[in-house]
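Only one structure is covered here, and it is reproduced in the block below.
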Amino acid sequence: AFPTVAAITGTATLCEAATTQLADATASGVWSSGTPGVATIDAVGLVSAVSAGTSSISYVVTINNCSTTVNSTITVNALPIVASITGSTNVCVGATSQLANTTPGGVWTSLTTAVATINSSGLVSGLTPGTSQIDYTVTILGCSTTKSTTVTTFSMPSVNPITGVTTVCVGATTLLAN
């Protein structure tokens, strides 16, 4: 008689370069992938996503030369392609700098918000001297790609006040200093 084999369980959708664990309650089966260019599977059911597409994952149980196969379709979603961040990465405390990314739909974040914050339009505000990593993350079908840059915030320069006679007649000169 052909063996009775349980259904394959586990997450059937994943992103490129990710892994997911499949399982089958029936022991002693052999895993295989119908499209290893999309997803591979090892002997214990760990799926590794290779490229976008679908692959049929099979689990075969053989007893006394009788085999039963169960299948599950794995979908691998592509990672978004995201452009590099552009704009000035130097900003003074109390000032702003505009960053940009040509890939639409992303989310801006600052990893050190005590140093610099960034709004949803990519406008960086310098708060205290230091550095902060700024990330721009695009997520499509649950798959995310992040581009990063480092923003450096500087203290405003200290400038002495201008001194001297500030009133002068036409045709005359005056000496100003700081």
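Checked against (1) out of contact with any Pro (no Cβ under 8 Å at 6 or more places or on another chain); (2) closer than 30 Å to Glu16 by Cα; (3) not hydrophobic (A, V, I, L, M, F, W, C), Thr139 passes all but a single condition, namely (1).
When Ser120 is tested against (1) closer than 27 Å to Ser158 by Cα; (2) exposed (fewer than 14 other Cβ atoms within 10 Å of the Cβ), just one condition goes unmet, and that condition is (1).
Every listed requirement among (1) within 28 Å of Ser144 (Cα to Cα); (2) in contact (Cβ under 8 Å) with a residue 60 or more places away in the chain is met by Ser67 save one, (1).
Scanning the stretch 135-145 for residues that are of a type in the set (A, V, I, L, M, F, W, C), open to solvent by less than 20 Å² (accessible area, probe 1.4 Å) and out of contact with any Cys (no Cβ under 7 Å at 6 or more places or on another chain) yields a single hit, Val138.
Contact map, the stretch 85-100: residues that are at positive phi paired with residues that are open to solvent by less than 60 Å² (accessible area, probe 1.4 Å), Cβ distance under 6 Å, separation 6+ or inter-chain. Pairs shown: Gly87/Leu99; Gly87/Ala100. Considering the stretch 1-109, the qualifying strands (runs of 3 or more DSSP E), each wholly inside and each with 3 or more residues that are open to solvent by less than 30 Å² (accessible area, probe 1.4 Å) and at pLDDT 95 or above, run over 53-63, 66-77. Being surrounded by 11 or more Cβ atoms within 10 Å (Cβ to Cβ) and more than 13 Å from the chain's Cα centre (by Cα) is a description that does not apply to Leu175.
Checking the condition touching a strand residue (DSSP E or B) at 6+ places or on another chain (Cβ under 8 Å), open to solvent by less than 70 Å² (accessible area, probe 1.4 Å) and in contact (Cβ under 8 Å) with a residue 40 or more places away in the chain, which residue from Ser132, Ser125, Ser148 passes? Break it down stepwise before answering.
Values: Ser132 fails: in contact (Cβ under 8 Å) with a residue 40 or more places away in the chain; Ser125 fails: in contact (Cβ under 8 Å) with a residue 40 or more places away in the chain.
Step by step, each of Ser132, Ser125, Ser148 is checked, and only Ser148 is touching a strand residue (DSSP E or B) at 6+ places or on another chain (Cβ under 8 Å), open to solvent by less than 70 Å² (accessible area, probe 1.4 Å) and in contact (Cβ under 8 Å) with a residue 40 or more places away in the chain.
Screening Val138 with (1) touching a Lys or Arg at 6+ places or on another chain (Cβ under 9 Å); (2) modelled with pLDDT under 90; (3) aliphatic (A, V, I, L, M) gives one miss only, at (2).
From the list Gly106, Gly94, which one is of a type outside the set (Ser, Thr, Tyr) and under 28 Å from Leu14 (Cβ atoms)? Lay out the reasoning, then the answer.
Working: Gly94 fails: under 28 Å from Leu14 (Cβ atoms).
One residue alone meets the criteria, Gly106.
The values are calculated or read from the model by the stated rules, or taken from the named source; none is laboratory data. Everything numeric in this text was worked out from a predicted model, so none of it was measured. Neighbour counts run over all protein chains shown; Cβ positions are idealised from the backbone, glycine included. Side chains included, ligands, DNA and RNA excluded: accessible areas come from the protein's heavy atoms. Shrake-Rupley method; radii C 1.70, N 1.55, O 1.52, S 1.80 Å.
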